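Trainee: Starting off with a structure, shown below.
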Amino acid sequence: MATASQSLFNMTVASDNAGGNQGLLMPKLQYRFRVNFLNFGVGQTIELTKQVVDITRPQVSFGEITIPVYNSTLYLAGRHEWQALTVNVRDDAQGQVSRLVGQQLQKQLDFVEQASAATGQDYKFQTNIEILDGGNGTAAPVVLETWECYGCFLQQANYNNLNYGTNEVVQIAMTIRYDNAVQSPLSSGVGTNIGRVLGGSIVTGIGSGQA
């Protein structure tokens, strides 16, 4: 007779071989995360990290290249584009979060003097989205996955509304545009060095092939 713990191994999709099940893999949980902002605003950004409510993970899309040929139509992947991140943060009573957001906006454009930054490197920042394992206190959390988003700037900052009829906290909604994103460790997905694939083989040179 199977024990209770042994029966749990059968609670998954059946494999080809009898007795070959290994149970379900532990999923990543949406609420176990933190967001670190590097070079955002002026000074330390730990208070911004602690006040994050939610954030979207990176989303990438490829443009479509259409090739009409004789009786058919072929499609190829064109240039890629990273979609903007949206992040909501709580606006604290001491104003530390709104001050950081305002400083970042001022780096992009001085709203008083109407003077813009000279180059992108003068205001762009990095956003790291880390998924954690649930550790805390004396048991330090383990980072299961990190999305590193490079070349970020605030595309939009929404200070939202105030309302006598609710019990909600005041939040600031930010839309973050970025140039590129990779997963780390680099063996975990996007950004993994698998070489360039040509003709079905992984190579490093340049050649021609079929559509």
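Trainee: For segment 181-207, which residues satisfy the criterion of being more than 30 Å from L144 (Cβ to Cβ) and either part of a loop (DSSP other than H, G, I, E, B) or at pLDDT below 70 (or both)?
Mentor: Step one: filter segment 181-207 for residues more than 30 Å from L144 (Cβ to Cβ), giving 198-201, 203-207.
Once the filter is applied, which keeps residues that are more than 30 Å from L144 (Cβ to Cβ) and either part of a loop (DSSP other than H, G, I, E, B) or at pLDDT below 70 (or both), segment 181-207 yields G199, G200, S201, V203, T204, G205, I206, G207.
Trainee: Go through segment 132-146 residue by residue and tally those that are within 24 Å of G189 (Cα to Cα), hydrophobic (A, V, I, L, M, F, W, C) and over 17 Å from the mean Cα position of the chain (by Cα).
Mentor: Total satisfying the criteria: 1.
Trainee: Something else about it: Out of everything in segment 52-70 that is in contact (Cβ under 8 Å) with a residue 60 or more places away in the chain and of a type in the set (A, V, I, L, M), what residue ends up being surrounded by the most Cβ atoms within 10 Å (Cβ to Cβ)? Before you say what the answer is, go through the steps one by one.
Mentor: Of the residues in segment 52-70, the ones in contact (Cβ under 8 Å) with a residue 60 or more places away in the chain are 53, 55, 57-58, 60, 67.
If we keep only those that are of a type in the set (A, V, I, L, M) as well, we get 53, 55, 60, 67.
On the way: V53: 12, I55: 18, V60: 11, I67: 10.
Only one residue tops the list, namely I55.
Trainee: Sticking with this structure for a sec: Looking at T73, T49, T86, which is the one that is free of Cβ contacts under 8 Å to residues at least 60 places away in the same chain and within 22 Å of the chain's Cα centre (by Cα)? If you could, list the steps in order and put the result at the bottom.
Mentor: Numbers: T73 fails: within 22 Å of the chain's Cα centre (by Cα); T86 fails: free of Cβ contacts under 8 Å to residues at least 60 places away in the same chain.
One residue alone meets the criteria, T49.
Trainee: Let me ask something else. Of all residues being of a type in the set (S, T, Y) and either within 22 Å of E130 (Cβ to Cβ) or not in a loop (DSSP other than H, G, I, E, B) (or both) in segment 57-70, which is nearest to the chain's Cα centre (by Cα)? Just the residue, please.
Mentor: Applying the first criterion (of a type in the set (S, T, Y)) to segment 57-70 yields 61, 66, 70.
Keeping just the survivors that are either within 22 Å of E130 (Cβ to Cβ) or not in a loop (DSSP other than H, G, I, E, B) (or both) gives 61, 66.
Working: S61: 14, T66: 30 Å.
So, considering only residues that are of a type in the set (S, T, Y) and either within 22 Å of E130 (Cβ to Cβ) or not in a loop (DSSP other than H, G, I, E, B) (or both), the one nearest to the chain's Cα centre (by Cα) is S61.
Trainee: Take segment 103-137 and flag every residue that is closer than 27 Å to K50 by Cβ and among the β-branched types (V, I, T).
Mentor: T127, I129, I131
Trainee: Give the residue, chosen from L25, L8, L29, that is in contact (Cβ under 8 Å) with a residue 24 or more places away in the chain and of a type outside the set (F, W, Y). Spell out how you get there, then give the answer.
Mentor: On the way: L25 fails: in contact (Cβ under 8 Å) with a residue 24 or more places away in the chain; L8 fails: in contact (Cβ under 8 Å) with a residue 24 or more places away in the chain.
Exactly one residue qualifies, and that residue is L29.
Trainee: Take segment 20-41 and flag every residue that is closer than 18 Å to R99 by Cα, hydrophobic (A, V, I, L, M, F, W, C) and in a loop (DSSP other than H, G, I, E, B).
Mentor: Answer for segment 20-41, where residues must be closer than 18 Å to R99 by Cα, hydrophobic (A, V, I, L, M, F, W, C) and in a loop (DSSP other than H, G, I, E, B): just F40.
Trainee: Here is a list of conditions, (1) of a type outside the set (A, V, I, L, M, F, W, C); (2) in contact with a His (Cβ under 8 Å, 6 or more places away or on another chain); (3) within 30 Å of D110 (Cα to Cα), and S61 meets all of them except one; can you say which number that is?
Mentor: If we test S61 against (1) of a type outside the set (A, V, I, L, M, F, W, C); (2) in contact with a His (Cβ under 8 Å, 6 or more places away or on another chain); (3) within 30 Å of D110 (Cα to Cα), just (3) comes out false.
Trainee: How many of the residues in segment 45-56 are in contact with a helix residue (DSSP H, G or I) (Cβ under 9 Å, 6 or more places away or on another chain) and in a loop (DSSP other than H, G, I, E, B)?
Mentor: Going through segment 45-56 one residue at a time, the tally reaches 2.
Trainee: Are any of the residues in segment 76-88 of a type in the set (F, W, Y), surrounded by 15 or more Cβ atoms within 10 Å (Cβ to Cβ) and assigned to a loop (DSSP other than H, G, I, E, B)? Give the derivation first.
Mentor: The first filter runs over segment 76-88 and keeps only residues of a type in the set (F, W, Y), leaving 82.
Checking which are surrounded by 15 or more Cβ atoms within 10 Å (Cβ to Cβ) leaves us with 82.
Retained after the next criterion (residues that are assigned to a loop (DSSP other than H, G, I, E, B)): none.
No - not one qualifying residue is present in segment 76-88.
The values are calculated or read from the model by the stated rules, or taken from the named source; none is laboratory data. Since the structure is predicted, the reported quantities are computational estimates derived from the model, not experimental observations. For neighbour counting, all protein chains shown are included, and Cβ atoms are generated from backbone atoms with ideal geometry for every residue, glycine included.
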